[in-house]
Amino acid sequence: MILIGLISSRSVDYHYFSPMIRQLRSHIGSVFMTYLLFTSCGGVSSDTLLIATSANMQFVMHEIATSYEASTGQHIDLTISSSGKLTAQILAGAPYDVFISADERYPQEIYSAGKATSPPQIYAYGKIALWSHRSDLDVSIDELSNDDIKHIAIANPKIAPYGQAAMSALTNNGTQKSIEHKLVYGESISQVNQFVVTKAVDVGITAQSTMNTDAARGIGRYALIDTALYDPIAQAAVLISQDDERRALKAKMLYDFIYSAEGREIIARYGYDLP
């Protein structure tokens, strides 16, 4: 079972919401997702490990989970969302075993709250890229102000580290103010990719790893964004504290697999730099 975008599957442009409505919507979403997790656990075997995964890592974690299940017989469920929303769920008591974040800050927040067994450990460094379904576009950060580009999608920088990186790149490039009216905010990289594939936007700023997936190959054009325009996207994971020693041991084995030679090879194949 993979839970993707349960709270908001529709396209969202946060320019259309007042700050109060956005805050209420985010709070209701986090509470509702936590409720779903608690109430749905009755349908999930106690032997199934629950992994909270940032949207940019969904393809990598699918492959890691498949490989791990094949070699161990251990069942794994992935819940995919923005790192900020997953953090809110974990702090509210959602019963995950491992959290795979798109940054270091959110796992550190969980560890500082006493919800993780050890400090965050970096597993990869991510990059951002421009992606368009249009093969006629010159896909470049300098061309985003072009009148031919009407809408540009980025992940919400308030809850998504890749959105923060995108906003930093636009600001440092001097482009942000001139294209602010074009920006459409998705809740995660997954929604940004959805905007691009469904042609709801002309360009999306997404994870470079998306371009290394079969689902994205052959769709439009893409270009990497200069890494000098944003801080390195250091991505870390934490092992969530468990009362059940048997479950905790199983979760630790999966956690260690992610950092093993096989896990690192899978991560690197999607274009991530390794620590």
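The values are calculated or read from the model by the stated rules, or taken from the named source; none is laboratory data. Given the structure is predicted, the values throughout are model-derived calculations rather than measurements. FYI the Cβ positions are ideal-geometry reconstructions off the backbone, even for glycines, and counts take in every protein chain you see.
The table that follows gives values for the structure above.
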{"quantity": "Among the candidates Asp214, Asp244, residue that is acidic (Asp, Glu) and within 30 Å of Ala94 (Cβ to Cβ)", "calculated": "Asp244"}
{"quantity": "Contacts under 9 angstrom Cβ, first residue in segment 164-178 being under 19 Å from Asn146 (Cβ atoms), partner among the small types (Gly, Ala, Ser), 6 or more apart", "calculated": "Ala166/Ala155; Ala166/Ala160; Thr175/Ser145; Thr175/Ala169; Gln176/Ala169; Ser178/Ser145"}
{"quantity": "Index of the failed condition, Leu137 passing every other in (1) assigned by TED's automatic domain parsing to the domain that holds Gly218; (2) at pLDDT 95 or above; (3) out of contact with any Phe, Trp or Tyr (no Cβ under 9 Å at 6 or more places or on another chain); (4) among the hydrophobic types (A, V, I, L, M, F, W, C)", "calculated": "(2)"}
{"quantity": "Strands (runs of 3 or more DSSP E) wholly inside segment 175-275 that include at least 3 residues being at pLDDT 95 or above and among the small types (Gly, Ala, Ser)", "calculated": "233-239"}
{"quantity": "Condition met for Gln164 (in the same structural domain as Lys199 (by TED's automatic domain parsing) and either small (Gly, Ala, Ser) or part of a helix (DSSP H, G or I) (or both))", "calculated": "yes"}
{"quantity": "Evaluation of Asn146 against (1) free of Cβ contacts under 8 Å to residues at least 40 places away in the same chain; (2) over 28 Å from Asp214 (Cβ atoms); (3) assigned by TED's automatic domain parsing to the domain that holds Leu49 (one fails), failing number", "calculated": "(3)"}
{"quantity": "Residue list for segment 224-238, filter: aliphatic (A, V, I, L, M) and touching a strand residue (DSSP E or B) at 6+ places or on another chain (Cβ under 6 Å)", "calculated": "Leu224, Ile225, Ile233, Ala234, Ala236, Ala237, Val238"}
{"quantity": "Condition check for Val139: in contact with a Leu (Cβ under 7 Å, 6 or more places away or on another chain), in a loop (DSSP other than H, G, I, E, B), among the hydrophobic types (A, V, I, L, M, F, W, C) and surrounded by 15 or more Cβ atoms within 10 Å (Cβ to Cβ)", "calculated": "yes"}
{"quantity": "Residue satisfying all of: in segment 101-124; part of a loop (DSSP other than H, G, I, E, B) and touching a Pro at 6+ places or on another chain (Cβ under 9 Å); surrounded by the most Cβ atoms within 10 Å (Cβ to Cβ) among these", "calculated": "Ala102"}
{"quantity": "Residue in segment 125-136 that is surrounded by the fewest Cβ atoms within 10 Å (Cβ to Cβ), counting only those that are of a type in the set (A, V, I, L, M, F, W, C) and closer than 14 Å to Arg221 by Cβ", "calculated": "Ala129"}
{"quantity": "Conditions (1) assigned by TED's automatic domain parsing to the domain that holds Pro95; (2) buried (at least 17 other Cβ atoms within 10 Å of the Cβ); number of the one not met by Ala207", "calculated": "(1)"}
{"quantity": "Evaluation of Ser112 against (1) in the same structural domain as Val238 (by TED's automatic domain parsing); (2) modelled with pLDDT under 95; (3) of a type in the set (Gly, Ala, Ser) (one fails), failing number", "calculated": "(2)"}
